[in-house]
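Throughout, read-outs are computed from the coordinates displayed, never taken from laboratory work. The structure presented is a predicted model; accordingly, all values stated were derived computationally and were not measured. Cβ sites come from the backbone with ideal geometry, for glycine too, and all protein chains shown count toward neighbours.
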Amino acid sequence: MQYGLIGETLGHSYSKQIHAQLADYVYELHPLSREEFPHFMEARDFTAINVTIPYKQAVIPYLDSIDPLAERIGAVNTIVNRLGKLTGYNTDYFGFLGLLRQYHIDVRSKKILVLGNGGAAQPVFTALSELGAGEVITVKYKEEPGVITYKTAAMLHSNADIIINTSPVGMYPNTDATPIDLSLYHNLSAAVDIIANPLETRFLREAANLGARTAGGLYMLVAQAKYAVEYFLDQKISDEKILPISEQIAALMEQ
């Protein structure tokens, strides 16, 4: 494989179609079981890849070098093989920044709940910190150091301004699922879901019904792909391509 995407379950992915609009190469979807993953990484038989759930942190030990931003984030979603040496990057960070700009969501000084703390959440935490977010609370189904449960969040933080879902809950095909009961949150001004498929998750529908501004993950997916291609090919691509490709993929998904 030259270029492609690795992850555990990729049947829902539109990355192949996105990359076809960004570059002139064959981009493959390469699902890997947890048993297959180490062998794939040790073989290094690729030119450049993207990485998705659940391997964004698991790939790090296989790298020869890591970009300072990705190291600070603690997660990698883009790997380039240069003469057998693997370098890791994180373009989800830039994609998330682009998503907030596109949907005019201002996180400065806001109280924010982040749902999930896996590899997909790490660039979100970094971006929120650098954008001057106020209190950022990590929420998960089980309590861990620095993480509270959904029950505790509803009891202590029902006045949250923004809720961001970085968990896979609500992703295709489990589109009837939602990670949180939004009726308990009376101060919600915005909801962000980094899930790209479906276009509007149940979480976002319920947030919109409460009058909150909402942002789905498709724009972020296309934006991070654009930045990944720049690393893949070592060339700049205009940001102006992001929105038209997002609209094209959205139309394809709605067919």
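Some observations on this one:
- Count of residues meeting criterion [crowded, with 17+ Cβ neighbours inside 10 Å and of a type outside the set (A, V, I, L, M)] in the stretch 150-170: 8
- Scanning the stretch 156-184 for residues that are touching a residue at least 40 places away in the same chain (Cβ under 8 Å) and hydroxyl-bearing (Ser, Thr, Tyr) gives Thr166, Ser167, Tyr172.
- Scope the stretch 94-118; condition within 22 Å of Ser15 (Cα to Cα) and outside any helix (DSSP H, G or I); matching residues: Tyr103, Gly118
- Any hit, the stretch 108-117, residues being in contact (Cβ under 8 Å) with a residue 12 or more places away in the chain and closer than 24 Å to Leu5 by Cα: yes
- Sole exception among (1) buried (at least 19 other Cβ atoms within 10 Å of the Cβ); (2) of a type outside the set (Lys, Arg); (3) in contact (Cβ under 8 Å) with a residue 40 or more places away in the chain for Leu204, by number: (3)
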